[in-house]
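This report concerns only the one structure given below.
The values are calculated or read from the model by the stated rules, or taken from the named source; none is laboratory data. Model, not experiment: these values are computed from the prediction. When we count neighbours, we look across all protein chains shown, and the Cβ atoms used for this are built from the backbone with ideal geometry, even at glycine. For the accessible areas, the whole protein counts, side chains as well, though only heavy atoms, and no ligand, DNA or RNA atoms are used. Shrake-Rupley method; radii C 1.70, N 1.55, O 1.52, S 1.80 Å.
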Amino acid sequence: MEVLIFKDSQSLASKSADLVESQIKTYPDSVIGLATGSTPLGLYQELIRRCNEGGLNFTNVKTFNLDEYVGIPADHPQSYRTFMDENLFNKIDIDKSNTQVPDGMAENPLEVGPAYEKMIEEAGGIDLQVLGVGTDGHIGFNEPTSSLGSITRVKTLTQQTITDNSRFFEPNEFQPKLAITMGMKTNLDARRILLLAHGENKAKAVHDMIEGPLSAFCPASALQLHQRTTILIDEAAASELSLKDYYKFVGEMQDDLVRKHRPSDWIER
Ligand code: F6R
């Protein structure tokens, strides 16, 4: 795992955009996995800016979103499809037919997961997956105790996630308690992973993900098994890491010495 710690969320967004841009420029037909939530908004704003300034184009990019609520239509204001359209897809030059979000209104939600996995496979697999992490260590909607070998499927949300996400729903509005989510295996199969986190409320989850034991109780800890994961966090999210100084030292060593002797995309793990 490469752990990069930033002084603020703008520098974190900028570095994560650099990594996504470099992926797309190297492979213009990249398959990118995307997340919703507040965490990637800075990244998406930066990608929109770069696209509008003409330095980056998404015309051949394909995307697969991590998850979608079950029981609300795609055009619902709180659907993850709407979130992606409003916060990224409508503002860049991507072909909408190349953007996939699981269908939360499928007649049989149990059939969505296997079909979604097949679509990912047919697209050639995910080259780069963008992730956030929940305060309880979830990734996508892989809640604590999710199988670390899981694939896309229906999951029941924990009370913690329902409470965390209730800010997006009106007090008396229907709030879904089920979601379709890529599984942990789906995520681990991505060739490269960028996990972003900021704020003190993520500090414990970030600690458990990076330094805690590998455990389904903190699904994000499964990223310890992945060979090309970069964790981009701010100082607040890094505040519970016991080896924080070491991660910064590793970064300096890479810059000063190691990168000279390795391919430019080499990452210490
Ligand atoms: C979103 C998702 C979730 C979020 C996580 C953090 O597609 O899959 O796992 O990444 O809940 O949410 P925020 O970024 O709102 O703190």
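Descriptive notes on the structure:
- Which numbered condition Ser97 fails, given (1) away from the ligand (no atom under 16 Å from the Cβ); (2) polar (S, T, N, Q); (3) open to solvent by less than 60 Å² (accessible area, probe 1.4 Å): (3)
- Take the conditions (1) open to solvent by 20 Å² or more (accessible area, probe 1.4 Å); (2) of a type in the set (S, T, N, Q); (3) more than 16 Å from Met184 (Cα to Cα); Thr230 misses just one of them, which is (1).
- The range 196-223 residues that are among the β-branched types (Val, Ile, Thr), paired with ones that are away from the ligand (no atom under 16 Å from the Cβ) and modelled with pLDDT under 95 (beta carbon under 8 Å, 6 or more apart): Ile210/Met1
- Given (1) within 12 Å of the ligand (Cβ to nearest atom); (2) touching a helix residue (DSSP H, G or I) at 6+ places or on another chain (Cβ under 9 Å); (3) open to solvent by less than 40 Å² (accessible area, probe 1.4 Å), index of the condition Ile120 fails: (1)
- Flag if Glu240 is out of contact with any strand residue (DSSP E or B) (no Cβ under 9 Å at 6 or more places or on another chain), buried (at least 16 other Cβ atoms within 10 Å of the Cβ) and either under 18 Å from Leu128 (Cα atoms) or modelled with pLDDT of 95 or more (or both): yes
Let's see how each residue does on (1) loosely packed, with under 13 Cβ neighbours inside 10 Å; (2) within 16 Å of the ligand (Cβ to nearest atom):
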{"site": "Asn87", "(1), (2)": "no, yes"}
{"site": "Lys91", "(1), (2)": "no, no"}
{"site": "Pro102", "(1), (2)": "no, yes"}
{"site": "Ala106", "(1), (2)": "no, no"}
{"site": "Glu111", "(1), (2)": "yes, no"}
{"site": "Val130", "(1), (2)": "no, yes"}
{"site": "Asp136", "(1), (2)": "no, yes"}
{"site": "Ile139", "(1), (2)": "no, yes"}
{"site": "Pro144", "(1), (2)": "no, yes"}
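- Filtered residue count, the range 38-70, keeping only those that are over 16 Å from Pro102 (Cα atoms) and either near the ligand (Cβ under 10 Å from one of its atoms) or not charged (D, E, K, R) (or both): 20
- Residues (touching a Lys or Arg at 6+ places or on another chain (Cβ under 9 Å), among the polar types (S, T, N, Q) and open to solvent by less than 20 Å² (accessible area, probe 1.4 Å)) located in the range 13-38: Ser30
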